[in-house]
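The values are calculated or read from the model by the stated rules, or taken from the named source; none is laboratory data. It should be emphasised that the depicted structure is a prediction, and the values quoted were computed from it without experimental measurement. Backbone-built Cβ (ideal geometry, glycine too); neighbour counts: all protein chains shown.
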Amino acid sequence: MKVLIVIATYNEIDNLPKLVEELRSLVSDADILVVDDNSPDGTGRWVEEKSRQDVHVFSIIRTNERGLGSAVIRGFKYGIEHKYDYLVNMDADFSHSVSDVPRLLKVITESNVDVVIGSRYVFGGMTPDWPVIRKVMSRCVNFWAKATLGLKTKDNSGAFRCYRIDKLSLLDFDRFSSSGYSFFEETLFRLKQAGATFEETPIVFLDRRLGVSKINRKEAIKAIWIMLKLGLERVVGRRNG
């Protein structure tokens, strides 16, 4: 089983070294790819040095691109080009527990689905650190994703997922509209169009330990607008079909 763990970063030097250390300890056979947007805090320099010391760690430093979605797409393409079997995507800030990575891999291999979502919104999933307003906003975004994109899964905005590479290889990444946080809803939408199957497994989502969150109101509004556009694309495609 050939596994790639993709971590998109920007200014995560406080978190990334410890995260990579824990991943290497727990899933030692997996490769780790860090896609960094030329972080001024030295995140990219650290991972480049680490990749020279550890044959399981790789880096892509982007100097002319920005955006979480496009960074993850670079990771997807790397996984496809290098013929991995499975790809795990996760955040760098410890909001996703390293101990859950083996469980996602176990679920996808035993259930024979195409995507396993680390879900905050199935039984057993939790967001214990969140204030009420953030919980309400997240629920609204996920309801909007289900309504506009026709998704049946409960947690469509989370980044913690395991994918089968052969299903990711069916996607045309040039068609993607999202470069920011709506990328994760769009990925499920595109995979659903490609006939993918999904399963959700509960996770406990914790707020970052160190560093600054990249989420802002402008990005949230943009995500809602992109999902509306994708929903219209879905309606038009259904009529033409």
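Below, the figures for the structure above:
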| quantity | calculated |
| --- | --- |
| Residues that are surrounded by 20 or more Cβ atoms within 10 Å (Cβ to Cβ) and touching a Gly at 6+ places or on another chain (Cβ under 8 Å), drawn from segment 14-33 | ASN15, LEU33 |
| Sole exception among (1) loosely packed, with under 15 Cβ neighbours inside 10 Å; (2) touching a residue at least 40 places away in the same chain (Cβ under 8 Å) for ILE133, by number | (2) |
| Whichever residue in segment 167-217 is among the aromatic types (Phe, Trp, Tyr) and outside any loop (DSSP other than H, G, I, E, B) and, among such residues, is modelled with the lowest pLDDT | PHE183 |
| Failed condition for GLY124, given (1) over 16 Å from the mean Cα position of the chain (by Cα); (2) outside any helix (DSSP H, G or I); (3) on the phi < 0 side of the Ramachandran plot | (3) |
| Flag if LYS106 is at negative phi, exposed (fewer than 15 other Cβ atoms within 10 Å of the Cβ) and over 14 Å from the mean Cα position of the chain (by Cα) | yes |
| Matching entry among ILE133, ILE117, ILE108 (being modelled with pLDDT of 95 or more and assigned to a helix (DSSP H, G or I)) | ILE108 |
| Test: residue in segment 34-51 that is assigned to a loop (DSSP other than H, G, I, E, B), within 19 Å of SER95 (Cβ to Cβ), touching a residue at least 12 places away in the same chain (Cβ under 8 Å) and under 17 Å from the mean Cα position of the chain (by Cα) | yes |
| Residue that is nearest to LEU151 (Cα to Cα), among those in segment 86-105 that are part of a loop (DSSP other than H, G, I, E, B) and either among the acidic types (Asp, Glu) or touching a Ser or Thr at 6+ places or on another chain (Cβ under 8 Å) (or both) | ASP91 |
| Hits in segment 145-157 - residues which are on the phi < 0 side of the Ramachandran plot and either free of Cβ contacts under 8 Å to residues at least 24 places away in the same chain or part of a loop (DSSP other than H, G, I, E, B) (or both) | LYS146, LEU151, LYS152, THR153, LYS154, ASP155, ASN156, SER157 |
| Residue satisfying condition, being part of a helix (DSSP H, G or I), of a type in the set (Lys, Arg) and under 26 Å from SER177 (Cα atoms), within set LYS83, LYS18, LYS77 | LYS77 |
| Close pairs (6 angstrom Cβ cut-off, 6 or more residues apart or separate chains): without any contact (Cβ under 8 Å) to a residue 40 or more places away in the chain and within 17 Å of GLN193 (Cβ to Cβ) in segment 158-182, surrounded by fewer than 20 Cβ atoms within 10 Å (Cβ to Cβ) and not acidic (Asp, Glu) anywhere | LEU170/ALA194 |
